[in-house]
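Notes to accompany the following structure.
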Amino acid sequence: MFESGGKLNYANKEQPKPGWDGPILVEWGLGVMSGKRVIAICQSGGEFDTDRDGFLSYKGGDAHAMEVDGKLDYNDFKMEVAEMFNCSLATMSVKYFLPGNRKTLITISNDKDLKRMIKFHGDSDTAEIYVMTEEAVDPDFSNMPGSRSSRTTLSEMAVPVEAPLSVVEDIVDDPNESGLLLDANFDVVGDTNNIDDTITIGAELPVPISFAAANYDEKNAKAAQQWQNDITGVGQRFNSVHEFRETLRKYAIANQFAFKYKKNDSHRVTVKCKAEGCPWRIHASRLSTTQLICIKKMNPTHTCEGAVVTNGYQATRSWVASIIKEKLKVFPNYKPKDIVNDIQKEYGIQLNYFQAWRGKEIAKEQLQGSYKEAYSQLPFFCEKVMETNPGSLATFTTKDDSSFHRLFVSFHASLYGFEQGCRPLLFLDSIFLKSKYQGTLLAATAADGNDGVFPVAFAIVDSESDDNWHWFLLQLRTALSICRGITFVADREKGLRESIAEIFQGEDVFHGYCLRYLSEQLIRDVRGQFSHEVKRLLVEDFYGAAYAPKPEGFQRCVESIRSISLDAYHWVMQSEPISWANAFFRGMRYNHMTSNFGELFYGWVSDAHDLPITQMVDAIRGKIMELIYTRRTESNQWVTRLTPFMEEKLEKESLRFSALHVLMPNGTKFEVQGDTIEVVDMDNCDCSCRDWGLTGLPCCHAIAVMGCLGRDPYDYCARYFTADSYRSTYSESIHPIPSLEKPRRKDASQAAVTVTPPPTRRPPGRPTTKKVGSHEVTKRQLQCSRCKGTGHNKSTCKEVLLES
């Protein structure tokens, strides 16, 4: 059902006056109790008018219909309506009329209010709901609801024509920091900066917001005492109007009184005590030809009872932000509930959760910058990366609507280090970003000569998809000057198998499937009622088959799997062992079997995920820069030929060769006898045990032969494990990015690229928990207590159904 331009006039009276700023009507039909289908007719863009009897009428606007379940909670309903009309949840309030009462608007602000509304309309066929869209408010002022009833009547809020100044000031404390509690629009007749005339209904002041009132705890106001003398009197000067306002707020909090603005603009501020009849008053204005604000008049006397007779004061979001900003620098995970407790203890002010949360959001933006601004800076950020780090690649793409799609970054120091000192081995993996706009980070990491993680390239994309992985590999192929012989360790899903084969075709590259992903898929795909212990044995045998260096060892492990489950055996044999089993794999993985090798790198990302995109990338850049410098400095102190880790491994192998016996033939192949009989081929650097070829270090059999021949085992180690190669890996530096200021375009015809935030935003609620390292969501698996199977409980057990 859809209507456009329809008219509703419930009171059947006069036509409405212009000036109503976008109410949305939602009409519920067919019953709204739990279990019944509800048709919500959502209408926006109409107008309201009040007739002589006080009844409201509505006309005009567009309409949409949607089915609503009586169990739908308030947040889901509000989000659906917001998406339907492209409204902001932050500037939207929901109201309705009680049956038979078209004068009083009731506010719905939570699930309980929504249930009350359903209950009140239990005998009615429809319920009209109005979603009031509000205009943006000055960020220095709180628009959080105060402690007041959700019932609001227009008759209570409407100001009579020719209302006296005192009434106007009670409603309009500050034109710039509006504390209005209205459901209609008002027009100030005369100078809005000097409100001493009258107001009329039906004009276009900003849609009202509610003032953030907080309760004052006199016993705990210890920290606030330092502000008691911040206002000294006439002649005191401030650097700006903003500084004066902030000082005034702190002064009022410390002295336990509420104030209201009579004049408030960029060059003058007049404030009086909010208590009726209290003579306290202050006036400050700008000194001519300067930005300084000076107190010109002040009556410091209070005749009111201060906090005893007032339950609110100017505890704005910006004030909360200013209080917690320094602590937030030290503790980035400062929780809103802790903010509430700390401010109550230190200042005697009882905030609610949302006041603390919004104050924290403002403080974060002041410390970190704007998310939206960060996306707009991407073109200039990429230019700066390549300008300050020649040889780097930083590129991005947007969607048709100019919203962010994906960003690829690879620094020259990383590319050079990988090509000069690292093994031709790349690990591809991803991590979900829990930032405001979500997204996923794709990464390619390498292993340095000391088996440490070495970041090569990364990308931030809107989601992990086949297309985004394909794009990432295309950019990686462009960034690398040499690709021949590279082995990728990655998942076989998400289009990676096809993309690697297509993009690196003819480069003699290899794709080793990640054992972690394969084992997880094995457990998911194999049907059967297995206990946790049996599943553990399946995975253990699967890993044994993968690590087995010879086909015989592989076969023993898969036969063990077959004895447990025939389905699991068939799954293993059909999963392309040539791409994951050591016995058959043709590439060189150096015994690295899983793609989550770069845990250190993913830890950096997790620490920076809450930053705006350019700052997150720069934080990662800083970590890589620090890593390169630290490892370069450490390696300059080494005196060994190999890296410490490889030196230790070679030493362990050397301790094993003393019990071996070498038979000396005339050729270059030697028989080595011990627990087993192995053949060492010195010309091809190979041993029949296959450890030498799999790891790049001579095995104990080869070291025994070298001892007989008088050769140095170090000469037969892969060059990637030498200290010199390690130093080459970290020989280049990543340079800082000094500034993100937008450059001026020399050519006016050269249009700047516009990048806006992606449409996806972080959903409400607590983010999903991840396992450290594996990046998997932690979920407890359901197990049946009757048959011990998984994936169901005893009430849905199929065995019980079969028995019956």
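The values are calculated or read from the model by the stated rules, or taken from the named source; none is laboratory data. Bear in mind the structure is a predicted one, so any value in this text is a computation, not a measurement. Neighbour counts are summed over all protein chains in view; Cβ atoms, including those assigned to glycine, are modelled from backbone coordinates with ideal geometry. Only protein heavy atoms, including side chains, enter the accessible area calculation; ligands, DNA and RNA are left aside. Shrake-Rupley method; radii C 1.70, N 1.55, O 1.52, S 1.80 Å.
Looking only at the range 563-606, count every residue that is closer than 25 Å to Ala718 by Cβ, hydrophobic (A, V, I, L, M, F, W, C) and modelled with pLDDT of 90 or more and tell me the total.
Of the residues in the range 563-606, 8 are closer than 25 Å to Ala718 by Cβ, hydrophobic (A, V, I, L, M, F, W, C) and modelled with pLDDT of 90 or more.
Please go through the range 400-422 and give me each residue that is touching a strand residue (DSSP E or B) at 6+ places or on another chain (Cβ under 6 Å) and either surrounded by fewer than 22 Cβ atoms within 10 Å (Cβ to Cβ) or assigned to a loop (DSSP other than H, G, I, E, B) (or both), ordered by number.
Selection gives Ser402, Ser403, His405, Cys422.
Please determine whether any residue of the range 568-579 is open to solvent by 40 Å² or more (accessible area, probe 1.4 Å) and in contact with a strand residue (DSSP E or B) (Cβ under 9 Å, 6 or more places away or on another chain).
Yes, the range 568-579 contains at least one residue that is open to solvent by 40 Å² or more (accessible area, probe 1.4 Å) and in contact with a strand residue (DSSP E or B) (Cβ under 9 Å, 6 or more places away or on another chain).
Of these, Glu243, Glu276, which one is in a loop (DSSP other than H, G, I, E, B) and either within 30 Å of Asp610 (Cα to Cα) or not hydroxyl-bearing (Ser, Thr, Tyr) (or both)?
Glu276 is the lone residue from the list that is in a loop (DSSP other than H, G, I, E, B) and either within 30 Å of Asp610 (Cα to Cα) or not hydroxyl-bearing (Ser, Thr, Tyr) (or both).
Is it the case that the range 466-484 has a residue that's open to solvent by 50 Å² or more (accessible area, probe 1.4 Å), touching a Leu at 6+ places or on another chain (Cβ under 9 Å) and among the polar types (S, T, N, Q)?
Scanning the range 466-484 turns up at least one residue that is open to solvent by 50 Å² or more (accessible area, probe 1.4 Å), touching a Leu at 6+ places or on another chain (Cβ under 9 Å) and among the polar types (S, T, N, Q).
Restricting attention to the range 255-273, report how many residues are in contact (Cβ under 8 Å) with a residue 40 or more places away in the chain and assigned to a loop (DSSP other than H, G, I, E, B).
Counting residues in the range 255-273 that are in contact (Cβ under 8 Å) with a residue 40 or more places away in the chain and assigned to a loop (DSSP other than H, G, I, E, B) gives 4.
Are there any pairs with C-beta distances below 9 angstrom linking a residue in the range 320-345 that is closer than 21 Å to Lys250 by Cβ and without any contact (Cβ under 8 Å) to a residue 40 or more places away in the chain to a residue that is open to solvent by 20 Å² or more (accessible area, probe 1.4 Å) and of a type in the set (A, V, I, L, M), with the two at least 6 apart or on different chains, and if so which?
If the second residue must be open to solvent by 20 Å² or more (accessible area, probe 1.4 Å) and of a type in the set (A, V, I, L, M), the pairs left are Ile323/Ala223; Leu328/Leu367; Lys329/Leu367; Ile339/Ile323; Asp342/Ile323; Ile343/Ala223; Ile343/Ile323.
Across the range 315-365, what is the total count of residues that are outside any loop (DSSP other than H, G, I, E, B), of a type in the set (Lys, Arg) and either open to solvent by 40 Å² or more (accessible area, probe 1.4 Å) or touching a Leu at 6+ places or on another chain (Cβ under 6 Å) (or both)?
The qualifying residues number 6.
Identify all residues within the range 632-674 that are within 44 Å of the chain's Cα centre (by Cα) and touching a residue at least 40 places away in the same chain (Cβ under 8 Å); write none if there are none.
Within the range 632-674, Arg632, Ser635, Asn636, Trp638, Leu642, Thr643, Pro644, Phe645, Met646, Lys649 meet the criteria.
Is there any pair linking a residue in the range 391-405 that is more than 13 Å from Ser463 (Cβ to Cβ) to one that is basic (Lys, Arg) and surrounded by 18 or more Cβ atoms within 10 Å (Cβ to Cβ), with Cβ under 6 Å and at least six apart or on different chains, and which?
Thr397/Arg406
Considering only the range 512-530, state which residues are open to solvent by 30 Å² or more (accessible area, probe 1.4 Å) and either under 14 Å from Gly587 (Cα atoms) or in contact with a Gly (Cβ under 9 Å, 6 or more places away or on another chain) (or both).
Once the filter is applied, which keeps residues that are open to solvent by 30 Å² or more (accessible area, probe 1.4 Å) and either under 14 Å from Gly587 (Cα atoms) or in contact with a Gly (Cβ under 9 Å, 6 or more places away or on another chain) (or both), the range 512-530 yields Gly528, Gln529, Phe530.
Hey, could you check the range 436-445 for residues that are under 21 Å from Ala394 (Cα atoms) and out of contact with any strand residue (DSSP E or B) (no Cβ under 7 Å at 6 or more places or on another chain) and say which is surrounded by the fewest Cβ atoms within 10 Å (Cβ to Cβ)?
Gln438
Tell me, yes or no, whether the range 383-395 has at least one residue that is within 28 Å of Pro758 (Cα to Cα) and within 20 Å of the chain's Cα centre (by Cα).
No: the range 383-395 contains no residue that is within 28 Å of Pro758 (Cα to Cα) and within 20 Å of the chain's Cα centre (by Cα).
Does Leu105 satisfy being modelled with pLDDT of 65 or more and either assigned to a strand (DSSP E or B) or among the hydroxyl-bearing types (Ser, Thr, Tyr) (or both)?
yes
Right, Thr395: in contact with a Leu (Cβ under 9 Å, 6 or more places away or on another chain), hydroxyl-bearing (Ser, Thr, Tyr) and open to solvent by 10 Å² or more (accessible area, probe 1.4 Å) or not?
yes
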